[in-house]
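In what follows, a structure is listed as structure tokens, so that the remarks can point back to it.
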Amino acid sequence: MNFDFDLVVNSFPLLLLGAGVTVQITALSVGFGLLIGMFVGIARLSQVKLVKFLATVYVDFIRGTPLLVQIFLIYFALPMIIGQRIDPFIAAITACSVNSGAYVAEIFRAGIQSIDKGQMEAGRSLGMTWTQTMRFIILPQAFKRIIPPLGNEFIAMLKDSSLVSVIGFEELTRRGQLIIARTYGSFEIWLTVAFIYLVMTLTISRLVDYLERRYKIDDKH
Ligand code: ARG
């Protein structure tokens, strides 16, 4: 078998465009996921039974069903209820954000629970409310601890975002498929696609390492 190097060179710009879109979906999804996850993570620790129950149902449902099925639910099933088609971009971001939110919620919950409970008691005994103590004492400390798992979530989402290719959304994987449909260069293109994903994930993990080190040093002061 010949390795068609020209094909790799010629397809590279198109694949890079796809990679840009992949980074976009990932960043937006993890960004929204962070917002959802922070509230749901705190809700999971709530004393109010109903709030805790709803948060648990959400996390269980999302983590207990495949992201692929969630994408189908949002892109194909939801339009039947709202009577209107959903743009693949919106569907992709929604599915990935809602998915990421559940994983981030567990990260937040674990991070908050890892902070000594004396911190909450100290805040409360100084006259701060539960919310104030959470906001000013617990969360700032928890944030530092959850940087590594959040980095993992970012990497996981970057790879799992390839699933939105099934609804025709043109990120990196879908671009690869389309180029192969035209050129039959499965070997060259999939190898290049894998390589681009690898460069992106390695870059993120180095960045997370750096952030982790930086905050560790800060902790000593
Ligand atoms: N692979 C798992 C699934 O198909 C998780 C997908 C989402 N991953 C994530 N870290 N948000 O459901």
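Remarks
- Rg [Å, one decimal], Dmax [Å, integer] - the range 102-164, C-alpha atoms: 14.9, 49
- Residues in the range 5-215 average 55 Å² of solvent-accessible surface per residue, probe 1.4 Å, ligands and nucleic acids excluded.
- For the range 5-215, a simple Cβ point-charge model (Lys and Arg +1, Asp and Glu -1, everything else neutral) yields a dipole of about 640 debye relative to the Cα centre.
- Helical segments meeting 27 Å axial Cα length and Kyte-Doolittle -1.0 threshold in the chain (DSSP H): 5-43, 88-113, 186-219
- CD proxy at 222 nm, helix term only [per DSSP H run n ≥ 4: -39500 (n - 2.57); per residue of the chain; nearest 500]: -25500 deg cm²/dmol
- Among the listed pairs K49/K144; K49/K216; K52/K144, those beyond 31 Å (Cα-Cα): K49/K216
- Residues in the range 189-214 that a label on V8 would reach, taking backbone N under 15 Å of a point 7 Å out along Cα→Cβ: 189-199
- Grouping the Cα pair distances of the range 5-215 into 10 Å bins from zero gives a pair-distance distribution of 8, 28, 30, 20, 10, 3, 1 percent in increasing distance order.
- Loop chymotrypsin sites (Phe, Trp or Tyr not before Pro), the range 1-108 (other Cβ atoms within 10 Å of the site Cβ: 12 or fewer; DSSP): F3
- The C-alpha radius of gyration of the range 116-221, expressed as a fraction of 2.2 N^0.38 Å, stands at 1.67.
The values are calculated or read from the model by the stated rules, or taken from the named source; none is laboratory data. A quick note: this is a predicted structure, and the numbers were derived from the prediction, not measured. Because the Cβ atoms are built from the backbone with ideal geometry, glycine has one as well, and the counts that use them run over all protein chains shown. Surface accessibility is based on the protein's heavy atoms, side chains included, excluding ligands, DNA and RNA. Shrake-Rupley method; radii C 1.70, N 1.55, O 1.52, S 1.80 Å.
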